[in-house]
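The values are calculated or read from the model by the stated rules, or taken from the named source; none is laboratory data. Just so it is clear, the model here is predicted, and its values are computed rather than measured. Cβ placement follows ideal geometry from the backbone for every residue including glycine, while neighbour counts extend to all protein chains displayed. Surface accessibility is based on the protein's heavy atoms, side chains included, excluding ligands, DNA and RNA. Shrake-Rupley method; radii C 1.70, N 1.55, O 1.52, S 1.80 Å.
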Amino acid sequence: MNRSAILDMLRSRTGQFVSGEELGRQLNISRTAVSKQIQKLRQSGYDIESTVSQGHRLRRLPDLLRPEEVCPRLTTRILGGELHYFTEIGSTNDEAKKCAVAGCPEGTLIITEAQQGGRGRLSRGWFSPMGKGIWMSAVLRPPFPPQEAPKCTLLAAVALNRAIREVTGIPCGIKWPNDILCNGRKLVGILTEMSAEMDAINHIVIGMGINVNIAAEEIPPELREIATSIQIEKGAPVSRLDLLVRILECLEELYLAVRTGGFDAVLSAWRQESITLGRLVNVIAPDKSYQGTALDIDGDGALLVETAQGLERVLAGDVSIRPA
Ligand code: BT5
């Protein structure tokens, strides 16, 4: 309480000193109590300078995804109604699943600055360095049947692609089913997980990993050929906060549209923003591997691939685009 009030006062005069006495007077607490809270703010990543003679000043507005920064900027009704923030965590999807089972409201978000055990599909790892990306998961409780769930990945991909293009201007596109690529390298990964009964969804967790301000040399050697970041593609860092806010707006807008009108609009937007359709692809499906031309997605979101042996319908698997 005191901490966020202190932060508000420093923020409203960013770059200027505010004396400990003034802060204490406004909040009716001692200067020692003020210093303690300032210390905690500093530990959580705020760049605050303190001097004995002048007091405290926030040097610059931080690019942290803390609730104090995010919530005042949100215009969404559902997403972010509850926001759980971590400096570091194993995996935001694991935390989101725990919250969902414990009954958290729809739209709950888990956001972290870093993940120790970030996950991709099939327990692959997800590189999630501190303060350099957006690593988050959203809990949804959609009214549609479990068979529709895989299309939530397509929905998230359209929302993410749209927001990234708008905020950064970089030429990214969607690769079926869960990647956003830029110049052939992966910028975003999406991991959708579900808990359901035969005919109803308990909850869906959509995990999103967006490489934002990672420099080329910070990408681990084993990912250098396949991964990229917005900073690398744009040639300059971008505000994670601005991007996060726009992503949540796009995601909620599409989700509300799907709840009332079904997935058709998402599927056609996906087709337009896809970089998979019309391309030669290698498919590694759970039961076999083959090559062919990606023709379309069907009403279930499955990828339709024309092969020498006929039409294949891909519901799960890895699809790589072959160089033109
Ligand atoms: C994905 O899996 O692309 C889904 C990634 C989802 C990550 C988010 S972060 C927030 C939430 N919490 C989690 O624990 N997960 C979600 P898949 O298609 O299986 O791709 C995984 C592969 O991508 C790895 O095996 C690596 O080759 C590569 N990879 C790992 N980290 C990467 C990164 N930061 N950028 C690009 N590629 C990466």
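For the reader, a short list of remarks on this structure follows.
- Under 13 Å from the Ser320 label point (7 Å along Cα→beta-carbon), backbone N, region 255-292: 281-285, 290-291
- Rounded to the nearest 20 debye, the dipole size of the chain about its Cα centre is 1000 debye, using +1 on the Cβ of Lys and Arg and -1 on the Cβ of Asp and Glu.
- Here is how the number arises for the chain: DSSP H runs of 4 or more residues each give -39500 (n - 2.57), the sum is divided by the residue count, and the result at 222 nm is -9500 deg cm²/dmol.
- Between Lys98, Lys288, Lys151, the Gaussian network model of the chain with springs among Cα atoms under 10 angstrom shows the greatest mean-square fluctuation at Lys288.
- Calculated P(r) tail over 23 Å for region 234-324, as whole % of Cα pairs: 43
- Extension gain, Gln116 to Asn183, is 21.4 nm, computed as 0.36 nm per intervening residue step minus the present C-alpha separation.
- Computed over protein heavy atoms with a 1.4 Å probe, the carbon and sulfur contribution to the accessible area of region 67-273 reaches 52%.
- Dipole of the chain, positive direction: furthest Cα of Asn28, His84, Ala102, with charges on the beta-carbon: Asn28
- Dimensions of region 27-81 from C-alpha coordinates, computed as largest minus smallest value along each principal axis and given longest first, are 45, 25, 16 Å.
- Spin-label proximity, Ala102 to region 70-91 - amide N less than 18 Å from point 7 Å beyond Cα toward beta carbon: 80-91
- Placing a label point 7 Å from the Cα of Ser4 along the Cα-to-Cβ direction, the residues of region 69-105 whose backbone N falls under 13 Å of that point are 69-74, 81-85.
- Protein heavy-atom accessible surface, 1.4 Å probe, per residue over the chain: 46 Å².
- Heavy-atom accessible area order for His84, His56, largest first, 1.4 Å probe: His84, His56
- Ranking Glu88, Glu148 by solvent-accessible area of protein heavy atoms (1.4 Å probe, all protein chains present), from largest to smallest, gives Glu88, Glu148.
- One Cα centroid belongs to region 200-265, the other to region 121-147; the line between them spans 10 Å.
- In whole percents, the pair-distance distribution calculated for the chain from its alpha-carbon pairs, binned every 20 Å from zero, is 30, 52, 16, 2.
- Linear extension gain, Gln39 paired with Glu217, 0.36 nm per residue minus alpha-carbon span: 60.9 nm
- Evaluated over region 109-229, the Cα radius of gyration and Dmax, each in Å: 14.7, 48
- Annotation: extensible slack from Met198 through Ser123 equals 24.5 nm (criterion: 0.36 nm per residue apart, minus Cα-Cα distance).
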